[in-house]
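**Q** If you scroll down you'll find the structure; I have some questions about it.
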Amino acid sequence: MIDYRSVSLWLDQLAEPLTPRPALAGDIRADIAIVGAGFTGLWTAYYLQQADPSLTIVVLEKEIAGFGASGRNGGWCSALFPASWQRIAREHGSPAAMAMRDAMRDTVNEVGDVARTEGIDCDYHRGGTLTFVRNRAQLTRARAEVAESLKSGDDDVRFLDSARLAEAVRAPGMLGATFTPHCAAIDPAKLVRGLADLVVWRGASLYERTPALSLAPHQVVTAGGVVTADSVIRATEAFTVELPGRRRDLAPIYSLIVATEPLDDRRLEALGLADRPTFADHGNVICYGQRTASGRIVFGGRGAPYHFGSGLGAAHDRDPHVFAGLRRQLVEMFPSLRGVAFTHAWGGAVAAPRDWHASVLFDPVTRVGSAGGYVGDGVSTTNLAGRTLANLVMGEKTALTTLPWVGHTSRKWEPEPLRWLGVNTGLKVMTAADWIEAKTGRPSRIAALAGRLLGG
């Protein structure tokens, strides 16, 4: 049996026991079968119950609710979407891109509203996001981002000079930061476990330790029995690659995280971040952090390698070299953290489509649907996906069902070893680009090469 508390800080600090619910034992029938008890599956169940409380809904989970990315991410409930608004505008037109952007921003509020209404205490606090500028190259990118935002008529992305930044956080050496209000810090395990309890209380059946062996129209086959359903929803994100014929649909890319001990008042005063903004920097290799409600600093980032054949496994969740780099980077950002203890380190896979574009799919004929490909931007995007899938299943045409990610399909990743070479080369190029920029102060052209390799 897996020690579920060892999966992440979030699961470790839950007050509730993490005993799996009973597995499926026999064939059953339902109106809706949902595979995956992470955010996507549970939000879909929640909004279907809102639409029609009489629906019989079965949720199948390989481990326990929140075992995957939903219980081990960085806790950003943001308006970020893996594909840029500029790219969506090129492919779908500017009105569609702005509709998608606005829907994502509304979703940040929706998650908080549901948590409050349903009594899910997930430490939701909307403090926005500070993205630090650590060198001249990053300053060029930051100013370009603000200019691009203003060009589109949006003044919600603002530049803070070093003096303004110092009012919010003590991070000496920063040249400034961009700020957007469209992000909340949360405890993701409290949210996903609270959603699981809620949909079960409202009548859904949740079978844990029940991996799906295959999915087909109106049928999900598991080791414990077959679920026959009018509609089947796949909400398996990175674990999609374990299903038959789907090894090349997504690339599982590992993101790792470290967490400090709870900081005392003196440390917190020296640090700042009193309004709990999430934070990152304008580097090429993604990083992300938050100050938790309990006074810890949680900080994560990319850097772990992609594993050959889209490999998944508990051994990939931990990389001492990457953990050491994250601890070092965090202390470089905040020298006042020097000497603090780091108590937790964990990781997990995010799902990257070949074109870095999340999607929601539903075939009204076969009544098979799915959502995913969030590339790490899933805490809020999953809520929007759940609402959209509920509309599609119920046959309702709404503003959500016309958003540009609905019906989007991504081409498959290249076969191995090309996939392994491309993803890992892209990661190394991005890492090298950050090193060059820190040394020269000039934006690195090789970062664009990495973008082409990774398809983003």
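The values are calculated or read from the model by the stated rules, or taken from the named source; none is laboratory data. A quick note: this is a predicted structure, and the numbers were derived from the prediction, not measured. Please note: Cβ atoms are built from the backbone with ideal geometry, for glycine as well, and neighbour counts cover all protein chains shown.
**Q** The conditions are (1) among the hydrophobic types (A, V, I, L, M, F, W, C); (2) on the phi > 0 side of the Ramachandran plot; (3) assigned by TED's automatic domain parsing to the domain that holds Asn383, and Val227 fails exactly one of them. Which is it?
**A** (2)
**Q** Ok, one more. One residue is enough: does region 328-337 have a residue meeting the conditions free of Cβ contacts under 8 Å to residues at least 60 places away in the same chain and either among the polar types (S, T, N, Q) or closer than 25 Å to Val241 by Cβ (or both)?
**A** Yes, region 328-337 contains at least one residue that is free of Cβ contacts under 8 Å to residues at least 60 places away in the same chain and either among the polar types (S, T, N, Q) or closer than 25 Å to Val241 by Cβ (or both).
**Q** Within region 142-152, is even one residue crowded, with 21+ Cβ neighbours inside 10 Å and over 30 Å from Ala45 (Cβ atoms)?
**A** yes
**Q** Could you check region 192-212 and list, in sequence order, the residues that are in a helix (DSSP H, G or I), under 23 Å from the mean Cα position of the chain (by Cα) and over 28 Å from Tyr306 (Cβ atoms)?
**A** Within region 192-212, Arg193, Gly194, Leu195, Ala196, Asp197, Leu198, Val199 meet the criteria.
**Q** Of everything in region 325-342 that's within 15 Å of Gly301 (Cα to Cα) and not small (Gly, Ala, Ser), which residue is surrounded by the fewest Cβ atoms within 10 Å (Cβ to Cβ)?
**A** Within region 325-342, the match that is surrounded by the fewest Cβ atoms within 10 Å (Cβ to Cβ) is Arg328.
**Q** Do we have Ala324 as in contact (Cβ under 8 Å) with a residue 24 or more places away in the chain and farther than 19 Å from Glu237 by Cβ here?
**A** Spelling it out, it is not the case that Ala324 is in contact (Cβ under 8 Å) with a residue 24 or more places away in the chain and farther than 19 Å from Glu237 by Cβ.
**Q** Are there any pairs, at least 6 apart or on different chains, whose C-beta atoms fall under 6 Å, with the first in region 7-27 and surrounded by fewer than 20 Cβ atoms within 10 Å (Cβ to Cβ) and in a loop (DSSP other than H, G, I, E, B) and the second of a type in the set (S, T, N, Q) and at pLDDT 95 or above, and if so, which?
**A** The qualifying pairs are Ala23/Thr210.
**Q** Where in region 306-375 are the strands (runs of 3 or more DSSP E), entirely inside, with at least 2 residues that are small (Gly, Ala, Ser) and within 30 Å of Glu396 (Cβ to Cβ)?
**A** Working: elements: 342-352, 359-363, 368-372.
Output list reads 368-372.
**Q** Next question. Report yes if some residue within region 355-365 is surrounded by 22 or more Cβ atoms within 10 Å (Cβ to Cβ), farther than 21 Å from Gly422 by Cα and of a type outside the set (Phe, Trp, Tyr); otherwise report no.
**A** Yes, region 355-365 has at least one match.
**Q** Could I ask something else about it? Just to be sure before I move on: is Ala438 surrounded by fewer than 17 Cβ atoms within 10 Å (Cβ to Cβ), modelled with pLDDT of 90 or more and in a helix (DSSP H, G or I) in the structure I sent?
**A** It is true that Ala438 is surrounded by fewer than 17 Cβ atoms within 10 Å (Cβ to Cβ), modelled with pLDDT of 90 or more and in a helix (DSSP H, G or I).
**Q** Another one. Across region 70-96, which residue is modelled with the lowest pLDDT among those that are of a type in the set (Ser, Thr, Tyr) and in a helix (DSSP H, G or I)?
**A** Here the residue is Ser94.
**Q** For region 403-433, enumerate the residues that are touching a residue at least 60 places away in the same chain (Cβ under 8 Å), assigned to a helix (DSSP H, G or I) and under 23 Å from the mean Cα position of the chain (by Cα).
**A** Selection gives Arg419, Trp420, Val423, Asn424, Leu427, Met430, Thr431.
**Q** So in region 107-132, with the set limited to residues that are among the hydroxyl-bearing types (Ser, Thr, Tyr) and part of a helix (DSSP H, G or I), which one is surrounded by the fewest Cβ atoms within 10 Å (Cβ to Cβ)?
**A** So, considering only residues that are among the hydroxyl-bearing types (Ser, Thr, Tyr) and part of a helix (DSSP H, G or I), the one surrounded by the fewest Cβ atoms within 10 Å (Cβ to Cβ) is Thr117.
**Q** Counting just the residues of region 371-423 that are on the phi > 0 side of the Ramachandran plot and either modelled with pLDDT under 95 or assigned by TED's automatic domain parsing to the domain that holds Arg234 (or both), which one comes out surrounded by the most Cβ atoms within 10 Å (Cβ to Cβ)? Explain how you work it out, then say what you get.
**A** Here is the first cut: in region 371-423, the ones on the phi > 0 side of the Ramachandran plot are 372-373, 375-376, 395, 407.
Next, from what is left, pick out any that are either modelled with pLDDT under 95 or assigned by TED's automatic domain parsing to the domain that holds Arg234 (or both): 372-373, 375-376, 395.
Values: Gly372: 28, Gly373: 30, Val375: 25, Gly376: 23, Gly395: 9.
Within region 371-423, the match that is surrounded by the most Cβ atoms within 10 Å (Cβ to Cβ) is Gly373.
**Q** Looking at Val322, Val298, which is the one that is among the aliphatic types (A, V, I, L, M), within 18 Å of the chain's Cα centre (by Cα) and crowded, with 18+ Cβ neighbours inside 10 Å?
**A** Unique residue meeting the criteria: Val298.
**Q** Is it the case that region 202-220 has a residue that's farther than 17 Å from Gly75 by Cα and in contact with an Asp or Glu (Cβ under 6 Å, 6 or more places away or on another chain)? Working first, answer last.
**A** Initially, region 202-220 is screened for residues farther than 17 Å from Gly75 by Cα, giving 202-220.
Filter again for in contact with an Asp or Glu (Cβ under 6 Å, 6 or more places away or on another chain), leaving 208.
Within region 202-220, one or more residues are farther than 17 Å from Gly75 by Cα and in contact with an Asp or Glu (Cβ under 6 Å, 6 or more places away or on another chain).
**Q** Among what's in region 133-160 and is part of a helix (DSSP H, G or I) and of a type in the set (Asp, Glu), pick the residue that is farthest from Val285 (Cα to Cα).
**A** Result: Glu148.
**Q** Is it fair to say Ala89 is without any contact (Cβ under 8 Å) to a residue 60 or more places away in the chain, over 17 Å from the mean Cα position of the chain (by Cα) and crowded, with 18+ Cβ neighbours inside 10 Å?
**A** In short, yes.
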